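The block underneath contains the structure these notes are about, expressed in structure tokens.
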Amino acid sequence: LPGGHFSLHAHEKTGAVAGIPNYPGARMREDSGGNAVFEWSSNRDGKGADGIDKGFAVSAQDMITDDSVQQVADFYRKQLPNWLVTKDGHEVKMEFKDGGYKRIIAIEAKHDGTHIGVASFGQAAAN
């Protein structure tokens, strides 16, 4: 691409997103299409004239479990004690910011189970 380098990867396998552990026993949502990773760099090698990566990346995963929101939230609170809980109750959101990127976990009860959305976005080198 004249404006840089772009890549998009989608796959059906579950795997931890940017160091966020998978919830034990969770499965991919059948209608979610699996995990996705999007990466863009401002030039072909991903580095600017100063040698610093000028890119951006997003990775995401959508899972579901029969466990309650509270059980899932308790698991992530134990696994990730330094994360900020921004919502609590029937819908829990946790986030962590580090340098040029951010990671988010959203946990929500729906009619078919507890949905767990995991995402990481920011500088490509950080993801």
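The values are calculated or read from the model by the stated rules, or taken from the named source; none is laboratory data. Only a predicted model underlies this, so the values are computations on that prediction, with no experimental measurement involved. Heads up, the Cβs are rebuilt from the backbone with ideal geometry, glycines too, and the neighbour counts pull from every protein chain shown. To get the accessible areas, we keep the full protein, side chains included, count just its heavy atoms, and leave off ligands, DNA and RNA. Shrake-Rupley method; radii C 1.70, N 1.55, O 1.52, S 1.80 Å.
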Checklist entry - Can you pull out the residues in region 99-123 that are open to solvent by 50 Å² or more (accessible area, probe 1.4 Å), within 15 Å of the chain's Cα centre (by Cα) and over 19 Å from Gln61 (Cβ atoms)? => result Gln123
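In region 49-72, which residues are of a type in the set (A, V, I, L, M, F, W, C) and either in contact with a His (Cβ under 8 Å, 6 or more places away or on another chain) or modelled with pLDDT under 95 (or both)?
Ala49, Ile52, Phe56, Ala57, Val58, Ala60, Met63, Ile64, Val69
Residues that are on the phi < 0 side of the Ramachandran plot, without any contact (Cβ under 8 Å) to a residue 24 or more places away in the chain and assigned to a loop (DSSP other than H, G, I, E, B): does region 96-104 have at least one?
Keep residues of region 96-104 that are on the phi < 0 side of the Ramachandran plot, which gives 96-98, 100-104.
Now narrow it down to the ones that are without any contact (Cβ under 8 Å) to a residue 24 or more places away in the chain: 96-97, 102, 104.
Narrowing further to those that are assigned to a loop (DSSP other than H, G, I, E, B): none.
Within region 96-104, none of the residues are on the phi < 0 side of the Ramachandran plot, without any contact (Cβ under 8 Å) to a residue 24 or more places away in the chain and assigned to a loop (DSSP other than H, G, I, E, B).
How about region 69-84: which of its residues are open to solvent by 50 Å² or more (accessible area, probe 1.4 Å) and either in a strand (DSSP E or B) or more than 16 Å from Pro21 (Cβ to Cβ) (or both)? Don't jump to the end; show me each part of the working.
Looking only at region 69-84, we keep the residues that are open to solvent by 50 Å² or more (accessible area, probe 1.4 Å), and these are 70-71, 74, 77-79, 81-82, 84.
Once the filter is applied, which keeps residues that are open to solvent by 50 Å² or more (accessible area, probe 1.4 Å) and either in a strand (DSSP E or B) or more than 16 Å from Pro21 (Cβ to Cβ) (or both), region 69-84 yields Gln70, Leu84.
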